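Student: One structure follows; several queries about it will come next.
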Amino acid sequence: MREVFVEKRQNLLRIALKENDELVECFAHEDSTSPQIGEIYKARVKNIIPGINSIFLDIGLEKEAYMYYSDELKRRGIKKGEELLVEVLKEPLGNKGAKVSNKVSILGKLMVLTLGDEGITLSKRITQLEHRQNLTTFIKPIRGIGIVFRTEAANATKEELVEELNSLLEKKDALERKLKYSKNIGKIKSNSLIYRFFEELDDKKTKVISDDKYFLDIIQDLVKSKENFEFKFYEDKRTLFDYYCIEKEIIKLRHKKVNLPCGGYIVIDKTEAMYVIDVNSGKNTKARDFNKTIYQTNLEAAKEVGRQIRLRNLSGIIVVDFIDMRDELQKLPVIKTLKKSLEADKGNVKIFPFTELDLVQISRKRTGKSIYEYLEEPCKKCKSNGFLLKLSYIETLISNEIIKCSNENSIKDFYIEIDKNYEDDIKGDLVRFLKNIDGLDKEIYLNFVHDIEGYRVEPLIFSNQKENYQKYKIKTIEKV
């Protein structure tokens with residue numbers, strides 16, 4: 001069975017997807033004024049620089065966006081001061097603004113319309129000739145609009161296709177009205193994670209659990225045409241992800257090393273240019289047939305690599321260094337396993353054949369931020385050469401442990417060890433820290449230490465425990 005968990009905490013929305021009780025995807029979205037991938041803006045051309053083939057645009061924010069000065073735009077004669085619709089392709093990074101495109105997409109379940117494009121394209125997964133012929137017969141090309149039929153369109157009726165096309169054309173007209181009549185430059189269509197995620201889901205039996213009634217109502221409306229969906233509202237004080245043990249799985253994603261069932265393992269590293277995944281046989285050395293051992297390890301690695309790419313939301317160039325295989329016939333099943341593990345990505349991924357060095361190159365389209373960007377922040381003391389868990393995230397984890405112990409055992413006293421790197425930030429606003437960990441009405445003993453991964457919480461049950469930690473006790477006056 002498929003389970004979807006939707007958690008809303010302050011300015012962060014998270015969605016986790018489990019298949020047969022295994023976590024396969026996790027997405028997060030922070031409320032932000034910064035441009036997000038897929039959002040649509042009304043923009044004004046500020047500058048055209050032919051020397052670098054770039055156009056810079058005002059999108060109503062401090063940083064200007066930029067887009068490629070294509071031959072098509074040159075022929076069209078785009079001019080400074082012109083207003084147009086643009087879609088965000090890449091979020092701002094460092095001093096660079098958002099990368100945008102004038103090819104604006106309107107997403108549907110069966111098809112995608114692209115403004116400023118032309119022609120009809122079919123998903124590569126629609127392989128049956130009959131389906132391909134039907135689709136191009138049912139829907140005719142529209143001038144100035146590209147139509148891409150998605151995989152789900154293969155089994156749709158003509159009536160369903162026409163109905164969705166008309167709905168998408170209405171959305172197109174609404175965007176063009178905003179371009180024409182809106183006085184302000186800026187965002188005219190958000191790219192809500194909720195809408196993107198649930199519009200992609202098929203009709204498979206699914207249980208949706210959320211701690212936010214507003215989002216639960218939206219989800220129920222989004223999937224009302226689909227069967228086999230059930231819903232549950234979660235209202236405990238512990239976070240949803242903690243209660244269903246998802247948080248533990250997410251924390252593991254910080255580790256580079258991932259063990260395989262056979263005894264081998266993979267190591268995931270990030271460089272400036274790409275992600276590199278190394279496959280190792282590890283303890284898988286018992287089999288007498290060494291070629292068989294290598295093949296088994298690579299097969300398991302291929303499956304896990306696909307899962308980790310989706311879970312961690314890795315994007316850009318990903319290079320997988322499989323163990324060298326002497327038998328060329330073993331490479332095809334490994335590639336097939338890798339492709340199968342990533343088939344749910346729906347066109348976001350390209351997998352290239354083995355190179356002579358037994359490397360496999362993967363290109364994955366960036367869809368939002370990687371999991372690391374939500375978990376970690378640069379270390380201030382080592383001048384951003386290292387990364388720590390975000391303090392806000394640690395506060396949530398500590399709060400979950402305190403709430404759990406308080407509810408189950410009525411414990412009110414806790415000793416907390418926390419990485420010394422956080423000391424200045426916590427002492428700078430101790431009341432806020434105590435509030436965030438649900439500790440204002442409890443006795444908290446706080447100690448900052450070196451060489452600890454984040455934090456440690458110890459419930460204090462006996463008097464001698466409290467006496468041992470007396471010097472770390474936060475005094476009442478410090479809570480005010």
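The values are calculated or read from the model by the stated rules, or taken from the named source; none is laboratory data. Since this is a predicted model, take the numbers as computed values, not measurements. Counting neighbours? That spans all protein chains shown, and the Cβs are built from the backbone with ideal geometry, glycine included. For the accessible areas, the whole protein counts, side chains as well, though only heavy atoms, and no ligand, DNA or RNA atoms are used. Shrake-Rupley method; radii C 1.70, N 1.55, O 1.52, S 1.80 Å.
Student: Find the strands (runs of 3 or more DSSP E) located wholly in region 58-166 whose residues include 1 or more that are closer than 26 Å to VAL45 by Cβ and touching a helix residue (DSSP H, G or I) at 6+ places or on another chain (Cβ under 7 Å), and list them.
Tutor: 83-90, 105-107, 111-115
Student: Return yes or no: is ILE126 over 26 Å from the mean Cα position of the chain (by Cα) and open to solvent by less than 20 Å² (accessible area, probe 1.4 Å)? Before you say what the answer is, go through the steps one by one.
Tutor: On the way: over 26 Å from the mean Cα position of the chain (by Cα): yes; open to solvent by less than 20 Å² (accessible area, probe 1.4 Å): yes.
In short, yes.
Student: Give me a count of the residues in region 219-250 that are in a helix (DSSP H, G or I) and open to solvent by less than 80 Å² (accessible area, probe 1.4 Å).
Tutor: Selection size over region 219-250: 10.
Student: Give region 145-168 a look and list any residue that's of a type in the set (A, V, I, L, M, F, W, C), open to solvent by 50 Å² or more (accessible area, probe 1.4 Å) and under 26 Å from the mean Cα position of the chain (by Cα), or say none.
Tutor: Correct list: VAL148 only.
Student: Here's another thing I want to ask about it. Go through (1) outside the structural domain of LEU338 (by the TED database); (2) open to solvent by less than 60 Å² (accessible area, probe 1.4 Å); (3) under 23 Å from the mean Cα position of the chain (by Cα) and name the single condition ARG364 misses.
Tutor: Among (1) outside the structural domain of LEU338 (by the TED database); (2) open to solvent by less than 60 Å² (accessible area, probe 1.4 Å); (3) under 23 Å from the mean Cα position of the chain (by Cα), the lone unmet condition for ARG364 is (1).
Student: Just give me the residues in region 369-415 being among the charged types (D, E, K, R) and closer than 30 Å to VAL88 by Cα, in sequence order.
Tutor: Hits for region 369-415 are LYS369, GLU373, GLU376, GLU377, LYS390.
Student: With the checklist (1) more than 30 Å from TYR244 (Cα to Cα); (2) in a loop (DSSP other than H, G, I, E, B) in hand, flag the one item SER32 doesn't pass.
Tutor: (1)
Student: Quick one: in region 251-289, of everything that is part of a loop (DSSP other than H, G, I, E, B) and among the charged types (D, E, K, R), which residue is surrounded by the fewest Cβ atoms within 10 Å (Cβ to Cβ)?
Tutor: GLU272
Student: Turning to a different aspect of this structure: Tell me the helices (runs of 4 or more DSSP H) entirely within region 406-480 that contain at least 2 residues that are open to solvent by 50 Å² or more (accessible area, probe 1.4 Å) and in contact with a strand residue (DSSP E or B) (Cβ under 9 Å, 6 or more places away or on another chain).
Tutor: The helices (runs of 4 or more DSSP H) meeting that bar are 463-468.
Student: Sticking with this structure for a sec: If you scan region 91-106, which residues turn out to be modelled with pLDDT of 85 or more, open to solvent by 20 Å² or more (accessible area, probe 1.4 Å) and of a type outside the set (Ser, Thr, Tyr)?
Tutor: Correct list: PRO92, LYS96, LYS99, ASN102, LYS103.
Student: Any idea which of LYS171, LYS204 is within 28 Å of the chain's Cα centre (by Cα) and part of a loop (DSSP other than H, G, I, E, B)? Full working, then the answer.
Tutor: Values: LYS171 fails: part of a loop (DSSP other than H, G, I, E, B).
Every option except LYS204 fails the conditions.
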